[in-house]
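Report on the following structure.
Only the coordinates and a few stated rules stand behind these numbers; no lab work does. Predicted model, so just to flag it, every value in this text is computed and none were measured. We place every Cβ from the backbone using ideal geometry, glycine too, and count neighbours over all the protein chains shown.
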Amino acid sequence: MAKLYSQNPKKDKKLNPKDETIRFILNYSKALSVINYKNMEFEALLN
Amino acid sequence: MRQEIISDAILVSSYLKGDETSLEILIKRHKQRIYSFIYSKVYDRDVAEDVFQDTFIKVIKTLKRGKYNEEGKFLPWVMRIAHNLVIDHFRKNNRMPKFDNSGEFSIFSVLCDSSLNAEKAIIKDQVESDVRRLIEELPEDQKEVLVMRMYQDMSFKEISERTGVSINTALGRMRYALINMRKVIEKHNIILTN
């Protein structure tokens, strides 16, 4: 039987990170605060 | 629609002023390019996910510390961070399974197999048979005490009771047995080490 060449090859889905990862990053950003005190830098993660 | 109009630079500056949604827009705008770039290097969804996450953690930290000064070049900057983290990932993975013995510390100096290898087992057998032959050369009374003490693990009290001599005599015979064995070893240059 003749091969069908008209069929489009499967296109790879666009690669995207998981929503979970995005959510984590956004929550991290909200939680992180950088405090500067007398030339010193402190990172605080407040959940 | 409005999201498409706002430039990265404006979003970055509004994020720096505390607008968290700007970051969300930036991530959603560039996530596919950044993630695809990472995946094209690591070819593993989970690793790509980790590197992507670490990339943005670094981006967030740098922005919040006020260290970002590449206005208008947000995406190339993020891509460079991702690229560096991909390199770090490969470096770490290359290093992990290897034991580098060139340094000062060698892991094999603290790790060893307590069981004897074939050569050492043969040497041990040889040494033990040499010692037995030396014992055979001892006078009968000394040999008797030494065998009871060393091979039968008897106390000198038990030895004295078994042989019918005092403990001191048993101790003395043991002492002479060892002295005599040492003499023979030295005389014939017998090496009894493993």
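Measuring nothing but how far apart in sequence close Cα pairs (under 8 Å, 6+ apart) lie, relative to its length, region B:2-95 scores a relative contact order of 30 percent. Considering only B:Ser22, B:Ser166, B:Ser13, the mean-square fluctuation computed in a Gaussian network model of chain B, springs between alpha carbons under 10 angstrom, is largest for B:Ser166.
Hey, quick one: spin label on B:Arg65, modelled 7 Å out along Cα-Cβ, who in region A:17-47 has an amide N within reach, i.e. under 19 Å? Output list for this probe position: A:28-46.
The calculated FRET efficiency for B:Tyr43 paired with A:Arg23, based on their beta-carbon distance and R0 = 22 Å, is about 0.35. Filter A:Lys18/B:Lys61; B:Lys31/B:Lys58; A:Lys14/B:Lys67; B:Lys28/B:Lys64; B:Lys120/B:Lys157 down to the pairs with a C-alpha to C-alpha distance above 24 Å, please. Over 24 Å apart, Cα to Cα: A:Lys14/B:Lys67; B:Lys120/B:Lys157.
Of the complete DSSP H runs in chain B, those spanning 24 angstrom or more by Cα along the long axis with a mean Kyte-Doolittle score not below -1.0 are B:20-42, B:45-64, B:74-95, B:118-136, B:167-187. Helical runs (DSSP H, four residues minimum) scored at -39500 (n - 2.57) apiece and divided by the length of chain B put the mean residue ellipticity at 222 nm at -22500 deg cm²/dmol. Take each residue in A:17-27, count the other chain C-beta atoms within 10 Å of its C-beta, and the mean is 6.
Summarising the label geometry, the points placed 7 Å from Cα in the beta-carbon direction at B:Lys187 and B:Arg91 lie 6.9 nm from one another. Shielding of peptide B:142-149 by partners, expressed as the average count of other chain Cβ atoms within 10 Å per residue Cβ, is 0.
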